[in-house]
């Protein structure tokens with residue numbers, strides 16, 4: 001029986017037919033320069049274009065590529081959640097399908113994870129290739145989020161991240177929660193978190209699926225939901241157990 005891969009890459013795809021073949025080729029080239037085994041999970045979020053046909057072709061050509069297709073559009077968080085649950089690697093890499101994340105950065109983030117024994121490695125977009133209003137709104141949202149959640153993540157909008165899979169596989173996710181993956185990972189027990197500057201490229205094909213203002217206001221509103229989750233989060237440690245049938249200690253609320 002074949003061993004499970006060491007690394008699972010999860011990529012939500014929504015109407016990115018021109019980008020899928022390019023992204024797959026770039027990931028294959030980038031990961032060929034390192035020794036870890038890997039799989040690529042492309043999650044089609046109900047695309048109305050030829051994205052699924054491109055994913056199917058990639059999966060037929062490379063057994064390391066897996067396609068998952070939603071019957072209708074359910075959003076980026078749902079796509080990440082489906083990928084997390086299907087992932088077999090003990091490390092999980094997330095990135096976007098729009099080619100603005102650079103696959104060449106992935107081996108470096110994996111090396112940082114190994115060298116520092118990190119639970120999470122977060123990409124921080126350097127020299128962002130977005131227009132001024134988008135950069136300004138992102139800065140505002142990130143600042144508000146850090147203040148409310150007490151989470152020092154610099155750039156939660158950068159999808160290029162590495163997680164130990166155990167911290168995200170069963171993470172409770174709701175619409176919009178992909179913006180708060182580092183905060184939720186901390187709540188799941190991740191405490192060794194590194195942040196690394198990564199490349200950010202201009203979009204070449206397709207169009208952004210999010211408007212500046214709707215993403216800003218929705219993101220700010222979601223901060224309140226995450227803050228409630230933090231306050232009501234169950235935090236406990238099992239001191240010891242004895243006997244196969246011994247009941248575990250009862251969890252107690254931290255707030």
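Computed from label points 7 Å out along Cα-Cβ, the spacing between residue 191 and residue 36 is 2.3 nm.
A crude spin-label estimate for the pair residue 59 and residue 25, with each label 7 Å from Cα along the Cβ direction, gives 2.2 nm.
Please report, in cubic angstrom per residue, the volume enclosed by the convex hull of the alpha-carbon atoms of the range 55-94. Walk me through the numbers on the way to the answer.
On the way: hull volume 3.3 nm³, N = 40.
Spread over its residues, the Cα hull of the range 55-94 gives 83 Å³ apiece.
Send over the per residue convex hull volume for the range 25-115, Cα only, as a whole number of Å³.
Working: hull volume 9.6 nm³, N = 91.
In the range 25-115, the Cα convex hull volume per residue is 106 Å³.
Mind running the shape call on the range 71-117? Use the C-alpha gyration tensor, a ≥ b ≥ c as the square roots of the eigenvalues: rounded below 1.5 for a/c, prolate if a/b tops b/c, oblate otherwise. Oblate, because a/c is 1.5 or more while a/b does not exceed b/c.
Indicate the gyration tensor shape class of the range 5-53 (rounded, prolate or oblate), computed on the Cα atoms with a ≥ b ≥ c the square roots of the eigenvalues: a/c under 1.5 is rounded; otherwise a/b larger than b/c is prolate and the rest oblate.
Working: a/c = 4.03, a/b = 1.92, b/c = 2.10.
Oblate shape, in that a/c is at least 1.5 and b/c is the bigger or equal ratio.
One decimal place: the segment residue 242-residue 154 gains 27.4 nm when fully extended, by the rule 0.36 nm per residue minus the C-alpha distance.
Going 7 Å from the Cα of residue 127 toward and past its Cβ, which residues in the range 74-116 have a backbone nitrogen under 14 Å from where you end up? Answer for this model: 102.
Sorted on the mean count of surrounding Cβ atoms within 10 Å across their residues, most packed first, peptides 20-31, 56-67 read 20-31, 56-67.
Using Cα pairs closer than 8 Å and at least 6 residues apart in sequence, work out the relative contact order for the range 42-108, in percent. Don't skip to the end; give the middle numbers.
On the way: 50 pairs, mean separation 22.7, N = 67.
Relative contact order here is 34 percent.
Spin-label model, residue 111 to residue 18: label points 7 Å out along the Cα-to-beta-carbon direction sit 3.3 nm apart.
Here the gap between residue 3 and residue 49, fully extended at 0.36 nm per residue and compared with their Cα-Cα distance, gives a gain of 13.1 nm.
Each reported figure results from applying straightforward, stated rules to the coordinates on display, with no laboratory input. What you see is a predicted model; the values in this text were computed from it and never measured. Please note: Cβ atoms are built from the backbone with ideal geometry, for glycine as well, and neighbour counts cover all protein chains shown.
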